[in-house]
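Trainee: Sharing a structure here in structure tokens format.
The values are calculated or read from the model by the stated rules, or taken from the named source; none is laboratory data. A quick note: this is a predicted structure, and the numbers were derived from the prediction, not measured. Here the Cβ is made from the backbone with ideal geometry for all residues, glycine too, and neighbour counts use every protein chain on show.
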Amino acid sequence: MYKQMRQYGAMILGTFMIALCFTLFLIPNEIASGGLPGASLVISSVFEVKTSIVLWIISIGILLGSRLFLSWGVVVKSVIGSLLVPFFVNITYNVTPLTSDPLLAAIYGGLGIGVGLGIILRSQGNIGGFTLIAIILHKYKQVKPSTTILVLDSIVIVSAGMIYSPEKALYALLGIFLMRKTMDFIMQTKASKMAYIISSVEYENTIKDAVLYELDRGLTKISGQGGYSKNERVIMMTVLHPTKASQLKAMIQSIDPSAFIIFCDATEVVGEGFTEAVQRSRQPRTQNQLATQQS
């Protein structure tokens, strides 16, 4: 109960910070720094409708539409964030902006939203919107979620540049950059996480499918044997983004409450899906590189 209350409290705090930065900095300075709030700002400018109303309509529409393609479990996890952001935007809409300087607005708006998103992700939550669209396309078209979000954010920024000015689009890019860096700092993403999952053979396929398709991660299976029981055990190793670590832990425990999960910091990961190391010699690369994908 205490854990759930803490998670809900973090969700409320994170969504409030996102909404407040949106109304204090981004809306009054016409900076559409990606995401569903940014898209709502662009659309509201085109149709001359209040931004909070557009955000409400699109958020609820995506939630209802995603139910046609996703399970209740996935949709329910997005309900709180999807509804709280437009709610807080609506109640803070008339708050006096802190600055009319678009550069300062992009900087502080990006920093504040990054902190809010970091808090939400640490509580295993999300704010729906583009995330749900990315999940749907990944499920049915095998498109990487990161690719979908990148394309949608790019469309928002280009549209903002056409409607407002190219300069405003550049400010939006700065805001997104700061948001990502701040979120990474909150989530401590300077190192990846390596997870060893030790479970019974009967749960092998269920855990494998969950890691491959729900987390969009690769994994390596290793055969093992219990030192005391002598029973056959399966060991699965995967490398993932730190923001996914808590989700992996909750997912494995729901499948096999007796499973052992060991997390280690991976300070450098080289291979497909991760940052490629700069080659400083003419020697060919080794073939034994980790080939997991980073979402």
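Trainee: Could you list, in sequence order, the residues of segment 43-81 that are in contact (Cβ under 8 Å) with a residue 40 or more places away in the chain and of a type in the set (Ser, Thr, Tyr)? Let's see the steps before the verdict.
Mentor: Within segment 43-81, the first condition is being in contact (Cβ under 8 Å) with a residue 40 or more places away in the chain, and the residues that meet it are 45-46, 50-52, 58-59, 62-63, 66, 69-70, 74-75, 77-81.
If the condition is that a residue be in contact (Cβ under 8 Å) with a residue 40 or more places away in the chain and of a type in the set (Ser, Thr, Tyr), then Ser45, Thr51, Ser52, Ser59, Ser66, Ser78 are the ones that fit.
Trainee: Among the residues of segment 229-248, which ones are of a type in the set (Gly, Ala, Ser) and assigned to a helix (DSSP H, G or I)?
Mentor: Matches in segment 229-248: Ala245, Ser246.
Trainee: Quick one: which helices (runs of 4 or more DSSP H) sit completely within segment 127-212 and have at least 2 residues that are hydroxyl-bearing (Ser, Thr, Tyr)?
Mentor: Filter on segment 127-212 gives 130-141, 145-163, 166-186.
Trainee: What are the residues in segment 102-123 that are among the charged types (D, E, K, R) and closer than 14 Å to Cys21 by Cα, if any?
Mentor: Residues of segment 102-123 among the charged types (D, E, K, R): 122.
Residues satisfying the conditions do not exist here.
Trainee: Follow-up. For segment 200-235, how many residues are charged (D, E, K, R) and in contact with a helix residue (DSSP H, G or I) (Cβ under 6 Å, 6 or more places away or on another chain)?
Mentor: To start, the set of residues in segment 200-235 that are charged (D, E, K, R) comprises 202, 204, 208-209, 214, 216-217, 221, 230, 232-233.
So of that shortlist, the ones also in contact with a helix residue (DSSP H, G or I) (Cβ under 6 Å, 6 or more places away or on another chain) come out as 217, 232.
The number of residues fulfilling the criteria is 2.
Trainee: Quick one: is Leu150 under 13 Å from the mean Cα position of the chain (by Cα) and surrounded by fewer than 16 Cβ atoms within 10 Å (Cβ to Cβ)?
Mentor: Numbers: under 13 Å from the mean Cα position of the chain (by Cα): yes; surrounded by fewer than 16 Cβ atoms within 10 Å (Cβ to Cβ): yes.
In short, yes.
Trainee: Residues to consider are Ile157, Ile113; find the one that is more than 12 Å from the chain's Cα centre (by Cα), under 17 Å from Met11 (Cα atoms) and hydrophobic (A, V, I, L, M, F, W, C).
Mentor: On the way: Ile157 fails: under 17 Å from Met11 (Cα atoms).
One residue alone meets the criteria, Ile113.
Trainee: Here is a follow-up. I'd like the residue in segment 216-228 that is part of a loop (DSSP other than H, G, I, E, B) and either in the same structural domain as Leu103 (by TED's automatic domain parsing) or not hydrophobic (A, V, I, L, M, F, W, C) (or both) and, out of all such residues, is farthest from the chain's Cα centre (by Cα).
Mentor: Among residues in segment 216-228 that are part of a loop (DSSP other than H, G, I, E, B) and either in the same structural domain as Leu103 (by TED's automatic domain parsing) or not hydrophobic (A, V, I, L, M, F, W, C) (or both), the one farthest from the chain's Cα centre (by Cα) is Tyr228.
Trainee: Residues to consider are Tyr213, Tyr164; find the one that is of a type outside the set (D, E, K, R) and assigned by TED's automatic domain parsing to the domain that holds His138.
Mentor: Details: Tyr213 fails: assigned by TED's automatic domain parsing to the domain that holds His138.
From the options Tyr213, Tyr164, the qualifying one is Tyr164.
Trainee: Checking Tyr140 against (1) surrounded by 13 or more Cβ atoms within 10 Å (Cβ to Cβ); (2) of a type in the set (Ser, Thr, Tyr); (3) more than 17 Å from the chain's Cα centre (by Cα), only one condition comes out false. Which one?
Mentor: Of (1) surrounded by 13 or more Cβ atoms within 10 Å (Cβ to Cβ); (2) of a type in the set (Ser, Thr, Tyr); (3) more than 17 Å from the chain's Cα centre (by Cα), only one is false for Tyr140: (1).
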